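Presented below is the structure to which this report refers.
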Amino acid sequence: EAGMGKRELTEHLLTYSAKCFHMRPICGTMGPRPGGSVRMAAELLRSTLSILRSLDRSLPGDNQALEVVVPPRLGKHVPLLQRALSDEPSNDHAADILQATVEVMVALVHDLVKRTPVIMLLQFYTGTSLFRTTFQSDLDTFSMVVRDFTNLAKEKIQTGKGGAASPLVLLIVSRELSQDSEAVQIAMKHGTFLSLSGLTEENIVEYTSNYLNVPEQIVPATLRQFVAKVTSGNPLYIRETIDQLQENQNLVLTMGVNGQARHLECKDIDQINISDWQRTSMVGSTLCLLESLEPLEAAVLKMSTCFQGPFTLPDLAASRCSQWTDTTHFDFLRLFNSIQTLVARGIIEKVDMPEPSMESENDQFGSTELRTIVNPIQHFQMRNMLLRSVGGSMVLEAQRKAVKRQALVGRALMRELPGRLEVLASMKNTQHIPWYYEQALRRM
């Protein structure tokens, strides 16, 4: 997720390694854009040639240097590498260019670590408005590159145990790389796997006070709760939220005579419409996330914003699935699969069945009616305030009322209909003698 400090942490690691351990950086980034693999090849080659040129000042320009530094057994790849380094690289034969680059890079890095310590950055970045199938082929290509350099690092670990070789460090930055990857498994085994998450509530208060340059004691509780609910601990979102509150005069800072902060006041913070902050990254990223969902998943997310408390699969099916068609069960499965996808992505959450005391607070139209059913039903809830605000702004009030009404009718039917069906079934099972037969039997 953007704003978690991934870029800043990567820059710090590279800078610190170069300054304190004199490690030479080799960087290669790739994304699901046309020419992404060629770009990665060019970045790897240029950064490597820069290191070699710093070690040998007599090395010529990039194209001529390739003919000098590339091992003779890999000389056939030089034309492809020169094409990657051209001013206007062509996307033709992009896969061949990257594969040739990786083969040459493995050989160059193998010899380079004998002369200087090296840190390699391999990054795969994606936006939020792309379906996974769109960049799956690019991700597979990136995984292949990571695998080849991981094998090189493993070889250097085994051959360099005596301490003769310089260290080789791989820094892989990707949220899409599978945890089954060998590089990820090695990182998790050695405790070097980092998964960035949001700040805790205590850290949020500290970060807010530092950003406002005020003591933590004067940060009001309403501001703490609001920032924590809206931002989920994302540092970038915290800064944007505070800026918007100050811009809209919802947050007023009073300074004392000595120039120190004296009082921090929050005004009408419960009436703020977060979806109006269109210029912020938090709202823009949320909109991109909504646009990246499948149509049914997006519909489920929007319907979930209509419920203040927990909801169930039948509540959503009451508005999306017809009970009188031959595909009723299949439609329920499709809807359930969409819900599970949103749960896996952390958009909605699984919750326990609400208690009776929560009936009047969490749901305005009978959330506890389903408790009378013998078999409990899994409940879900939209708790992310940012997603609720942005997703709810895409739903008309008439649509919101229709979803609630259909859910209420469905719950009433689920509560009352089984009992009525049992009575009807018992009536059908009762032996019935027509009236005219009864009269005939009486006359006999």
* Every pair of residues 6+ apart whose Cβ atoms lie under 6 Å, when the first sits in the range 276-290 and is within 15 Å of A2 (Cα to Cα) while the second is surrounded by fewer than 18 Cβ atoms within 10 Å (Cβ to Cβ) and of a type in the set (G, A, S) -> S285/A2; C288/S129
* Asked: Taking into account only those residues within the range 417-441 that are modelled with pLDDT of 80 or more and among the charged types (D, E, K, R), which is farthest from the chain's Cα centre (by Cα)?
  -> K428
* Structure fact -> Among helices (runs of 4 or more DSSP H) completely within the range 289-374, the ones holding 1 or more residues that are among the basic types (K, R), open to solvent by 50 Å² or more (accessible area, probe 1.4 Å) and at pLDDT 90 or above are 295-304, 328-344
* To do: Please work out which residue is surrounded by the fewest Cβ atoms within 10 Å (Cβ to Cβ), limiting yourself to the range 159-193 and to residues that are of a type in the set (A, V, I, L, M, F, W, C) and modelled with pLDDT under 85.
  => A164
* Structure fact -> Selection from the range 202-220 of residues surrounded by 12 or more Cβ atoms within 10 Å (Cβ to Cβ) and under 26 Å from the mean Cα position of the chain (by Cα) yields N203, I204, V205, E206, Y207, T208, Y211
* Structure fact -> Going through the range 3-24 in order, the residues found to be farther than 23 Å from T126 by Cα and in contact with a Leu (Cβ under 9 Å, 6 or more places away or on another chain) are S17, M23, R24
* **Inter-residue pairs, beta-carbon under 7 Å, first in a helix (DSSP H, G or I) and in the range 394-416, second open to solvent by 80 Å² or more (accessible area, probe 1.4 Å), 6+ apart** => R415/T372
* To do: Scan the range 8-38 for residues that are closer than 16 Å to D138 by Cα and free of Cβ contacts under 8 Å to residues at least 40 places away in the same chain and report the count.
  => 1
* **Wholly within the range 161-258, helices (runs of 4 or more DSSP H) carrying at least 2 residues that are more than 28 Å from D111 (Cα to Cα)** => 201-212, 221-231, 235-247
* **Of all residues making up the range 1-44, the number that are of a type in the set (S, T, Y), touching a strand residue (DSSP E or B) at 6+ places or on another chain (Cβ under 6 Å) and over 21 Å from F135 (Cα atoms)** => 2
* Asked: Of the residues L223, L253, which single one is of a type in the set (A, V, I, L, M, F, W, C), open to solvent by 30 Å² or more (accessible area, probe 1.4 Å) and in contact with a helix residue (DSSP H, G or I) (Cβ under 9 Å, 6 or more places away or on another chain)?
  -> L253
* To do: State the number of residues belonging to the range 104-124 that are assigned to a loop (DSSP other than H, G, I, E, B) and either surrounded by 17 or more Cβ atoms within 10 Å (Cβ to Cβ) or free of Cβ contacts under 8 Å to residues at least 24 places away in the same chain (or both).
  => 2
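The values are calculated or read from the model by the stated rules, or taken from the named source; none is laboratory data. In this text, all values refer to a predicted model and were calculated from it rather than measured experimentally. Note that we place each Cβ from the backbone using ideal geometry, even for glycine, and neighbour counts take in every protein chain shown. We work out accessible area using only protein heavy atoms, side chains counted, and drop any ligands, DNA or RNA first. Shrake-Rupley method; radii C 1.70, N 1.55, O 1.52, S 1.80 Å.
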